[in-house]
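Values quoted throughout were computed directly from the atomic coordinates according to the rules given, and no laboratory measurement underlies them. It should be emphasised that the depicted structure is a prediction, and the values quoted were computed from it without experimental measurement. So basically every Cβ, Gly included, is an ideal-geometry build from the backbone, and we count neighbours across all protein chains shown.
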Amino acid sequence: MELKNDRFLRALARQHVDRTPVWMMRQAGRYLPEYREVRGQAGDFMSLCRDADRACEVTLQPLERYALDAAILFSDILTIPDAMGLGLYFETGEGPKFRKTVRSEADVAALHQPVAERDLDYVMRAVSTIRRELNGRVPLIGFSGSPWTLATYMVEGGSSKDFRHVKSMLYGSPDTMHQLLDILAHSVTDYLNAQIRAGAQAVQIFDTWGGTLSTPAYREFSLSYMEQIVAGLIREHEGRRVPVILFTKNGGQWLEDIAGSGPDAVGLDWTTELSDARARVGHKVALQGNLDPNVLFANPAAIRAEVGRILDSYGEGPGHVFNLGHGISQFTDPGHVDAFIDALHELSPRYHNQIAMG
Ligand code: CP3
C-alpha cells in the first residue's frame with residue numbers, strides 16, 4: 001500500500017522535503033480529552049495498551065486534530081520488563097511500578113526472556129491494526145526503551161530521582177549490571193524486529209535516563225547496548241529503509257559517539273542547540289527535535305517565535321524532523337498545539353527551497 005505522506009521518512013534519509021515534518025513525543029495522551037475518555041472506557045492504562053482496537057483509536061486521535069507527519073504506536077517502554085515477569089502496574093499520580101525488582105545476580109537469572117511475537121503479541125496486534133487503519137496516510141513509528149533506561153525502572157522498581165539502587169549495581173556489581181543489560185539488549189532487538197515485521201516503518205529507542213551517567217559509564221552501560229541493538233535490526237522492509245532514531249535525553253555532549261553508533265537519526269532535547277549539533281554530526285545523521293515542551297504553556301505568539309528560532313538554528317536544507325525535546329505534558333492546552341503546528345507549516349517551507357539552496 002502506497003504511503004501518501006513520506007516527508008518524515010524522506011527527512012530521516014536527509015532527502016528534500018517541501019516543509020519540515022513533525023510529530024510529538026507522547027502525542028497520544030492525557031492532554032487530549034478524547035484520550036481520557038477512551039482510557040476511562042478501557043479501565044486502566046495497561047488494559048488500553050492490550051486492546052488493539054482502542055490502542056489504535058488513541059494512536060490516531062492526535063492525527064485527527066493536527067497535521068502530523070507520523071503516527072507512533074500507542075504502548076509503553078515498560079511492556080518488556082512486564083513480559084519478563086516483573087508485574088507492571090500504575091498507581092494514579094505515582095507513575096509506573098513493578099511488583100518485583102531486580103537487585104541481585106539471582107534476580108537477573110530468574111528473569112523470563114520474552115519472545116516478542118508470543119509474549120508481546122498484543123503489541124504486534126496493535127501495530128498491524130494501526131497500519132491497516134492508517135491506510136498509508138503517514139508512516140508508523142515503533143519504539144522501545146534502551147536497555148539502560150529499562151534497567152533503571154527494573155532495579156528501582158519504578159521511577160526514581162537519584163537512581164540509588166541501579167547505580168549501586170552499576171558501580172558495585174558491574175558484572176550483574178552487564179548481564180541484565182545483555183538480556184535487555186537481546187529482548188529489545190527481538191521486540192523492535194517483531195514491530196518492524198508487524199508493520200512499523202521507523203523505530204525510535206528512548207534512552208530517557210542515559211544522560212544521568214558519567215561519560216565512560218554512558219559509553220559502557222548505555223550506548224554500547226544501543227549500538228548492539230542497532231546492528232541487529234531489520235533495516236529494510238517492504239522495499240523501504242526502516243530508519244532508526246536514537247534519543248538520549250541530556251546526551252548532547254556525546255553526539256559524535258551517538259551518531260557513530262549506527263542510527264539514521266539522533267533525537268535531541270532542548271539543551272543542545274541544533275546549529276551546533278548539525279555542524280558536529282549533520283553530515284552523518286538526520287536530527288530530530290527540539291522544542292522545550294514547556295514552551296507550549298506560553299501564548300501562541302511566543303510558541304511561534306520559538307518554532308521560528310529552532311528552524312533557523314537548524315537552517316536550510318534537509319535532515320531535520322521537528323519534534324519536542326521530550327514528551328508533551330498532560331497539562332498542555334490542545335489549542336496551543338494548533339499554534340505550534342500552524343507556525344511550523346507556515347514558517348518551514350522557506351527552509352526547503354531547492355532553488356535558493358543551489
Ligand atoms: O508517544 C506516544 O504517544 C506513544 C506512547 C508512549 C507512552 N509512553 C504512552 C504513555 C511512549 C512512546 C512512551 C514512552 C515512555 N514510557 C518512556 C520514554 C519516553 C519518555 O517520556 O522519556 C518512559 C520513561 C515511559 C515510562 C512511563 N510510562 C511513565 C514514566 C509513565 C507515567 C507518566 C505519568 O505521568 O504518570 C508511563 C505511562 C504512560 N505511557 C502514559 C502514556 C500516555 C500515561 C498513562 C495514563 O494514561 O495515565
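Points to keep in mind about this one:
- Cα-based helix-to-principal-axis angle, 174-198 vs the chain, degrees rounded to 10: 50 degrees
- Potential lengthening between GLN41 and GLU236 on full extension [0.36 nm per residue; Cα-Cα distance subtracted]: 66.4 nm
- Cα-based reach from LYS249 at 26 Å (exclusive), listing lysines while leaving out same-chain residues under 8 positions away: LYS97, LYS161, LYS167, LYS284
- Check: the range 244-358 dipole with +1 on Lys, Arg Cβ and -1 on Asp, Glu Cβ, in debye: 180 debye
- Helix 33-42 axis, angle to the chain major axis (alpha carbon atoms, nearest 10°): 30 degrees
- Packing-based ranking, highest mean first, of 140-146, 331-337 given that Cβ atoms within 10 Å are counted: 140-146, 331-337
- Square roots of five times the Cα gyration tensor eigenvalues for the range 123-209, Å: 32, 13, 9
- Annotation for ARG309 and ARG99: the two label points, set 7 Å from Cα along the Cα-Cβ direction, are 4.8 nm apart.
- Full-extension gain in nm, ALA302 to THR271, via 0.36 nm per residue minus C-alpha separation: 9.3 nm
- Debye log10 I(q)/I(0) at q = 0.14, 0.21, 0.22 Å⁻¹ for the range 213-358, Cα point scatterers: -0.75, -1.26, -1.31
- Karplus 3J(HN,Hα) series, Hz, for the range 10-25 with 6.51 cos²θ - 1.76 cosθ + 1.60 (x for Gly, Pro): 5, 5, 5, 8, 6, 9, 4, 9, 7, 8, 5, x, 9, 8, 10, 4
- Seen against the Cα atoms of the chain and their longest principal axis, helix 52-65 is set at about 30 degrees.
- Beta bridge orientation in the range 7-352: antiparallel %, DSSP, nearest 5: 25 percent
- Debye log10 I(q)/I(0) at q = 0.13, 0.19 Å⁻¹ for the range 170-254, Cα point scatterers: -0.45, -0.86
- Full extension of the chain between SER159 and ASN135 yields a length gain of 5.0 nm, computed as 0.36 nm times the residue separation minus the alpha carbon distance.
- Rg then Dmax, both in Å and based on the Cα atoms of the range 26-105: 14.2, 48.
- Rounded Å value of the spacing that divides the Cα centres of the range 262-320 and the range 170-219: 25 Å
- Evaluated with a Cβ-only charge set (Lys, Arg +1; Asp, Glu -1), the chain carries a dipole of roughly 260 debye about its Cα centre, given to the nearest 20.
- Selected from LEU311, LEU246, LEU324 as most flexible by GNM, with the chain as the system and alpha-carbon contacts under 10 Å: LEU311
- Our note on the geometry: Cα centres of the range 89-135 and the range 20-58, 17 Å apart.
- ASN353 versus GLN113: modelled label distance in nm, points set 7 Å from Cα along the beta carbon direction: 5.7 nm
- The share of C-alpha pairs in the range 7-352 whose separation exceeds 31 Å stands at 29 percent.
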